[in-house]
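J.: Please see the structure below; I have some questions.
The values are calculated or read from the model by the stated rules, or taken from the named source; none is laboratory data. The model shown is predicted, which means the values in this text are computed figures rather than measured ones. All Cβ positions, glycine included, derive from the backbone under ideal geometry; neighbour counts span all protein chains shown.
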Amino acid sequence: MKLVVQIPCYNEEEFLAAAINDIPEKIAGITEIGIVVIDDGSADKTAEVARAHPRVNKVVQLPYHQGLAVGFRAGIEASLGLGADIIVNTDADNQYPGRYIPELIKPILEKQAEFVVGARNIDDIEHFSYPKKLAQRAGSRVISFICSQPVPDATSGFRAFSRSAALWIDVIASNYTYTLETLVRLSSHKVRLAHVPITVNPPIRKSRLMGNSLEYIAKSTLDILTLVYIYSPLKVFISLAAFFCLPGLFLTGRFVYYYITLTVERNIATGYVQSLTIGVGLLIIGFFMLLMGITSNLIHTNRKLLERLLLLQQKDRE
Ligand SMILES: Nc1nc2c(ncn2[C@@H]2O[C@H](COP(=O)(O)OP(=O)(O)O)[C@@H](O)[C@H]2O)c(=O)[nH]1
Ligand SMILES: [Mg+2]
């Protein structure tokens with residue numbers, strides 16, 4: 001059973017060696033441990049540090065800076081190429097203690113799950129600001145809703161994938177993070193998900209990914225919205241159709257009720273033309289939302305077919 005630990009990096013010459021040294025050299029149930037470092041066009045000596053480290057098996061060097069999602073995906077391909085049965089993703093700043101790796105991969109070794117997330121207790125993390133904690137919790141709730149199962153820590157970068165789960169991985173909705181999309185995508189393919197509680201090391205530098213809490217919240221919200229309409233378009237457009245159709249029906253019904261009870265039965269002239277105009281307008285918008293939902297669901301079905309073709313292509317390469 002071969003484990004490959006991948007570390008996506010951007011300007012990590014200072015901290016990378018410590019993160020690699022923290023990875024256990026022996027793990028029960030694992031016969032070989034490989035390490036892949038992905039250098040995403042760093043301006044410093046990240047790639048040199050990685051190549052000089054005796055435990056690193058492969059350094060993937062992207063020709064220019066492309067963002068964490070691209071680096072993560074390149075790492076998954078390289079790890080699969082090295083014959084990994086299990087892939088662990090971790091950070092170069094040694095945020096996730098290497099001693100948790102055996103626990104992280106345990107559900108995969110025991111065939112209980114194919115995808116395991118190291119879940120931090122967000123409330124206990126002192127260096128997270130209050131808005132960041134709020135955003136984390138809200139994000140995890142929305143992702144739990146989309147995935148139809150509880151996801152306690154949706155943005156943790158400490159994860160383990162079985163080979164079969166890793167074959168499904170792709171990131172199309174964001175170029176700065178893979179964390180949310182892998183959860184949504186793999187659970188849409190019924191990959192079994194598990195969560196292992198972990199603690200984190202205190203930060204040794206500022207986040208490379210997020211400048212401040214506001215940026216974090218804005219980017220995560222945009223990511224979640226993109227994921228919802230890519231992966232659950234019917235839910236989005238049916239909700240929008242209901243949002244317009246329900247008041248539309250009410251207003252149109254109001255007009256019809258008064259027209260029948262007053263004008264038809266008692267011959268009293270009634271107004272309520274505004275209700276009719278606005279009601280019909282809303283119904284028309286709602287109807288178009290429904291059509292959009294059907295069209296986007298067809299596109300969604302096509303995407304699923306493409307994903308299946310990509311999977312077959314991956315399997316063919318093996
Ligand atoms: N490939 C790539 N990796 C990145 C990029 N930004 C951050 N990383 C890596 O992603 C991991 C997490 O980054 P970090 O700054 O610790 O994010 P945080 O823990 O969410 O604050 C680290 O290993 C970084 O080197 C990027 O633009 N490209
Ligand atoms: Mg970090």
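J.: Output the residues belonging to the stretch 196-217 that are within 14 Å of ligand 2 (Cβ to nearest atom), of a type in the set (A, V, I, L, M, F, W, C) and surrounded by 15 or more Cβ atoms within 10 Å (Cβ to Cβ).
T.: Ile198, Val200, Leu209, Met210 - these are the residues of the stretch 196-217 that are within 14 Å of ligand 2 (Cβ to nearest atom), of a type in the set (A, V, I, L, M, F, W, C) and surrounded by 15 or more Cβ atoms within 10 Å (Cβ to Cβ).
J.: What helices (runs of 4 or more DSSP H) lie completely within the stretch 174-282 and have 3 or more residues being polar (S, T, N, Q)?
T.: Numbers: elements: 179-188, 213-231, 233-258.
By residue number, 179-188, 213-231.
J.: For the stretch 22-54, which positions are more than 10 Å from ligand 1 (Cβ to nearest atom), more than 13 Å from Gly75 (Cα to Cα) and in contact with a helix residue (DSSP H, G or I) (Cβ under 8 Å, 6 or more places away or on another chain)?
T.: Asp22, Ile23, Pro24, Ile27, Ala28, Gly29, Ile30, Val49, Ala50, His53
J.: Which residue is farthest from Ala84 (Cα to Cα), if the candidates are limited to the stretch 129-152 and must be surrounded by 22 or more Cβ atoms within 10 Å (Cβ to Cβ) and at pLDDT 90 or above?
T.: The selected residue is Ile143.
J.: Can I ask one more? Looking at the stretch 147-195, which of its residues are within 16 Å of ligand 2 (Cβ to nearest atom), without any contact (Cβ under 8 Å) to a residue 40 or more places away in the chain and of a type outside the set (S, T, N, Q)?
T.: Ala154 - this is the single residue of the stretch 147-195 that is within 16 Å of ligand 2 (Cβ to nearest atom), without any contact (Cβ under 8 Å) to a residue 40 or more places away in the chain and of a type outside the set (S, T, N, Q).
J.: I would also like to ask the following. Have a look at Gly34, Gly41, Gly67 and point out the one that is at positive phi, surrounded by fewer than 23 Cβ atoms within 10 Å (Cβ to Cβ) and away from ligand 2 (no atom under 16 Å from the Cβ). Working first, answer last.
T.: Working: Gly34 fails: at positive phi; Gly67 fails: away from ligand 2 (no atom under 16 Å from the Cβ).
Result of the check over Gly34, Gly41, Gly67: Gly41.
J.: May I pose another question? Scan the stretch 97-125 residue by residue and report those that are in contact (Cβ under 8 Å) with a residue 24 or more places away in the chain, in a loop (DSSP other than H, G, I, E, B) and over 19 Å from the mean Cα position of the chain (by Cα).
T.: If the condition is that a residue be in contact (Cβ under 8 Å) with a residue 24 or more places away in the chain, in a loop (DSSP other than H, G, I, E, B) and over 19 Å from the mean Cα position of the chain (by Cα), then Pro97, Gln112, Ile125 are the ones that fit.
J.: Among what's in the stretch 150-208 and is within 13 Å of ligand 1 (Cβ to nearest atom) and among the small types (Gly, Ala, Ser), pick the residue that is nearest to Gln66 (Cα to Cα).
T.: Here the answer is Ser174.
J.: Moving on. Name the pairs: first residue in the stretch 47-58 and more than 12 Å from Ala92 (Cβ to Cβ), second residue in a helix (DSSP H, G or I) and among the acidic types (Asp, Glu), Cβ to Cβ under 8 Å, at least 6 apart or on different chains?
T.: So the pair list comes out empty.
J.: Every residue in the stretch 1-21 that is over 19 Å from Ala74 (Cα atoms) and of a type in the set (S, T, N, Q), please.
T.: Listed by number, the list holds a single entry, Asn21.
J.: Related question: Looking only at the stretch 72-96, count how many residues are under 16 Å from Asn57 (Cα atoms) and over 21 Å from the mean Cα position of the chain (by Cα).
T.: Final tally of qualifying residues: 5.
J.: Criterion first (away from ligand 2 (no atom under 16 Å from the Cβ) and either closer than 25 Å to Leu209 by Cα or among the β-branched types (Val, Ile, Thr) (or both)) does Ile7 satisfy it? So that I can check it myself, show each step before the final result.
T.: Working: away from ligand 2 (no atom under 16 Å from the Cβ): no; either closer than 25 Å to Leu209 by Cα or among the β-branched types (Val, Ile, Thr) (or both): yes.
Criteria not met by Ile7.
J.: Just to be sure, is Asn94 out of contact with any Gly (no Cβ under 6 Å at 6 or more places or on another chain) and surrounded by fewer than 13 Cβ atoms within 10 Å (Cβ to Cβ)?
T.: Working: out of contact with any Gly (no Cβ under 6 Å at 6 or more places or on another chain): yes; surrounded by fewer than 13 Cβ atoms within 10 Å (Cβ to Cβ): no.
So Asn94 does not fit the description; no.
J.: Test Glu77 against the stated conditions and say whether it is surrounded by fewer than 20 Cβ atoms within 10 Å (Cβ to Cβ), within 16 Å of ligand 1 (Cβ to nearest atom) and of a type in the set (Asp, Glu).
T.: The answer is yes for Glu77.
J.: What number of residues within the stretch 270-291 satisfy the criterion of being over 11 Å from Leu251 (Cβ atoms) and at pLDDT 95 or above?
T.: Number satisfying all stated conditions: 8.
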